[in-house]
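Student: Can you read through this structure? Questions will come right after.
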Amino acid sequence: GEDIQIQNKTFAHSAPMVGSADKVGGQTDAILKLGNKVSGAYQLKWWMYIETGKCGYYNIQHMQSPGIEWAMECYFRTSGAIELQVAGATTNGSYIKDQWFEVSHDIDLDKDSIWMYIDGVLLKKWKFSDQASQAGGTKQLGGIDFFAGEKSGTSEAPAYFIDDVYYAETTAGQ
């Protein structure tokens, strides 16, 4: 019940199959383990689709074992607003509803840096070892959590699609 639900959708980014994170059939809380990397540079990206009236959420974790230390949290609100939480602060952005958009991260562990882009536009650059809730933390790339969750107290309906997930070591960071 916590896995990404694979569905056959005509609007898949790379037809015909797409991953769905929602609460239908059980709460989606899918962890993609990234290897507990402590050095090197990596690119992590995917395509995301959020329908009108729905919201999305994911986090990157410093540990492969879930729930120990969040590197960042990102809420995609039903309004089309993005709320990125890093080092106890919120950075705001926006995305387009009912359309595929790319979420991309360039992570350079040697420089302790991360750059996050929405559809090729830089949303924020920050120190990767920071945690979502506070500055400072472990400089390690553990995993990503595609969670069907909403921002606490909002009563928004979480449901979104992801496709074409890509994760690879790169030759150099930013």
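Student: Could you grab me the full set of residues in the stretch 84-112 that are in contact with a Gly (Cβ under 9 Å, 6 or more places away or on another chain), in a strand (DSSP E or B) and more than 22 Å from residue 142 (Cβ to Cβ)? Let's see the steps before the verdict.
Tutor: Start the filter on the stretch 84-112 by keeping residues that are in contact with a Gly (Cβ under 9 Å, 6 or more places away or on another chain), which leaves 84, 87, 94-97, 102, 104, 106-111.
If we keep only those that are in a strand (DSSP E or B) as well, we get 84, 94, 102, 104, 106-108.
Scanning the stretch 84-112 gives 94, 102.
Student: Turning to a different aspect of this structure: Out of the stretch 142-172, which residues are open to solvent by 30 Å² or more (accessible area, probe 1.4 Å) and within 16 Å of the chain's Cα centre (by Cα)?
Tutor: Of all residues in the stretch 142-172, those open to solvent by 30 Å² or more (accessible area, probe 1.4 Å) come to 147, 150-155, 157, 164-167, 169-172.
Selection gives 147, 150, 151, 164, 165, 166, 167.
Student: Quick one: what pairs do we get from the stretch 45-57, first residue within 12 Å of residue 96 (Cα to Cα) and among the aromatic types (Phe, Trp, Tyr), second open to solvent by less than 30 Å² (accessible area, probe 1.4 Å) and modelled with pLDDT under 95, C-beta under 7 Å, 6+ apart or different chains?
Tutor: Sorted first by the residue in the stretch 45-57, then by its partner, the pairs are 49/160; 49/161.
Student: For the stretch 91-121: of the residues being aliphatic (A, V, I, L, M) and within 26 Å of residue 52 (Cβ to Cβ), which is nearest to the chain's Cα centre (by Cα)?
Tutor: Going through the stretch 91-121, the residues aliphatic (A, V, I, L, M) turn out to be 96, 103, 107, 109, 114, 116, 118, 121.
Still in the list and also within 26 Å of residue 52 (Cβ to Cβ): 96, 103, 116, 118, 121.
Values: 96: 16, 103: 7, 116: 10, 118: 11, 121: 15 Å.
For the stretch 91-121, the residue satisfying everything is 103.
Student: Going through 139, 111, 124 one at a time, which residue ends up being under 22 Å from residue 57 (Cβ atoms), surrounded by fewer than 19 Cβ atoms within 10 Å (Cβ to Cβ) and charged (D, E, K, R)? Working first, answer last.
Tutor: Details: 139 fails: under 22 Å from residue 57 (Cβ atoms); 111 fails: under 22 Å from residue 57 (Cβ atoms).
When all the criteria are applied, what remains is 124.
Residues checked against (1) modelled with pLDDT of 95 or more; (2) under 19 Å from residue 152 (Cα atoms):
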residue	(1), (2)
9	no, no
54	yes, yes
59	yes, yes
67	no, yes
72	yes, yes
79	yes, yes
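The values are calculated or read from the model by the stated rules, or taken from the named source; none is laboratory data. All values reported here derive from a predicted model rather than from experimental measurement. Heads up, the Cβs are rebuilt from the backbone with ideal geometry, glycines too, and the neighbour counts pull from every protein chain shown. Each accessible area value is taken on the protein alone, full model and side chains, heavy atoms only, with ligands, DNA and RNA left out. Shrake-Rupley method; radii C 1.70, N 1.55, O 1.52, S 1.80 Å.
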